[in-house]
Amino acid sequence: MIPQNPRELNYSKVKTYRECPYLYKLKYTEGRKEGLTPATSLGVSIHRTLDDYHSHSSDPGEIMRYYNANFLCAGFGGAGEQMEYYLKGQRMLKIYEQREHERKSAVDATEREFMFDYEGWTIRGKIDRIDRLEDDSWEVIDYKTDAQLEENYDITSSLQLGVYSIGARRAWNLKKGKATVYFVALDKKISAGFDSFNEREILDIFTAAGEAIEARKFAPDTKHCPRCLMNNRCPYSSVKRQEAA
């Protein structure tokens, strides 16, 4: 499977390539699917729920109805594990519901795509939520549903939030605002102003990855094998070799 526009980049492609060029080849040139795990399945369910809720309702009391409609019953080892993760999501969304009653901002859009050109490359992405704040500035929000947060997490080093900030400014002309990671499972938000991100450095990372992809440099990097969802199918997997030994 060859991408329709090989000079189009997004955060997921660049992240995958930087972790393991061979994994990029498997996913984006050969079209192989990673499959779902319990955690990724719940993540999809939460994202779909919040998109539906913010798109169609202003009543926080309806969030659980949207959750029940969007809960994805795939990627689980059995009914018990499925119920375990359903209840995890339910707990997250009950707290989210409380925060919705306190929210002062106005949700302007959800799952909104941006696209801009840079030095012969097309950069695009999709942002979970965009809010207009009381002072008429903007907030671009990315939901995270995992329950772990690095002790000294620095949002300004986030390539994802950085390119989202750039996209908001370049594609939508949102000059004043901030980027936020919303750790839904932890009921925690971490934000930084658009100007806190090093635009040139971020775009250089994107174009460097793009140039390496274009040159078809797909050498495997086995450091990420233990957490790779394709580690049982990849011929270079260090995990598979260890299990065979």
Exercise for the section: Determine if the stretch 164-176 includes at least one residue that is polar (S, T, N, Q) and touching a Phe, Trp or Tyr at 6+ places or on another chain (Cβ under 7 Å). Expected result: yes
Handout entry: Hits in the stretch 170-215 - residues which are surrounded by fewer than 16 Cβ atoms within 10 Å (Cβ to Cβ) and either touching an Asp or Glu at 6+ places or on another chain (Cβ under 6 Å) or part of a strand (DSSP E or B) (or both)
Key = K188, K189, G193
Problem - Cβ-Cβ under 7 Å pairs, at least 6 apart or on other chains, the stretch 167-190 side at pLDDT below 95, far side among the charged types (D, E, K, R) - result: K175/R169
Fill in the blank from the handout: The strands (runs of 3 or more DSSP E) lying wholly within the stretch 49-151 that contain at least 2 residues that are under 16 Å from the mean Cα position of the chain (by Cα), of a type in the set (K, R) and modelled with pLDDT of 95 or more are 121-132
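Give the residues of the stretch 66-82 that are farther than 14 Å from I46 by Cβ and either among the small types (G, A, S) or loosely packed, with under 12 Cβ neighbours inside 10 Å (or both), sorted by residue number. Spell out how you get there, then give the answer.
Step one: list which residues in the stretch 66-82 are farther than 14 Å from I46 by Cβ, which gives 73-74, 76-82.
If the condition is that a residue be farther than 14 Å from I46 by Cβ and either among the small types (G, A, S) or loosely packed, with under 12 Cβ neighbours inside 10 Å (or both), then C73, A74, G77, G78, A79, G80 are the ones that fit.
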Exercise for the section: Mind listing just one residue for me: the one in the stretch 216-227 that is in a loop (DSSP other than H, G, I, E, B) and not aromatic (F, W, Y) and, of those, surrounded by the most Cβ atoms within 10 Å (Cβ to Cβ)? Expected result: P220
Practice task
May I ask you to list the residues in the stretch 172-192 that are under 19 Å from the mean Cα position of the chain (by Cα), at negative phi and not basic (K, R)?
Solution key: A179, T180, V181, Y182, F183, V184, A185, L186, I190, S191, A192
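The values are calculated or read from the model by the stated rules, or taken from the named source; none is laboratory data. These numbers were taken from a predicted model, which means no experiment stands behind them. Note that each Cβ is placed from the backbone with ideal geometry, even for glycine, and that neighbours are counted across all protein chains shown.
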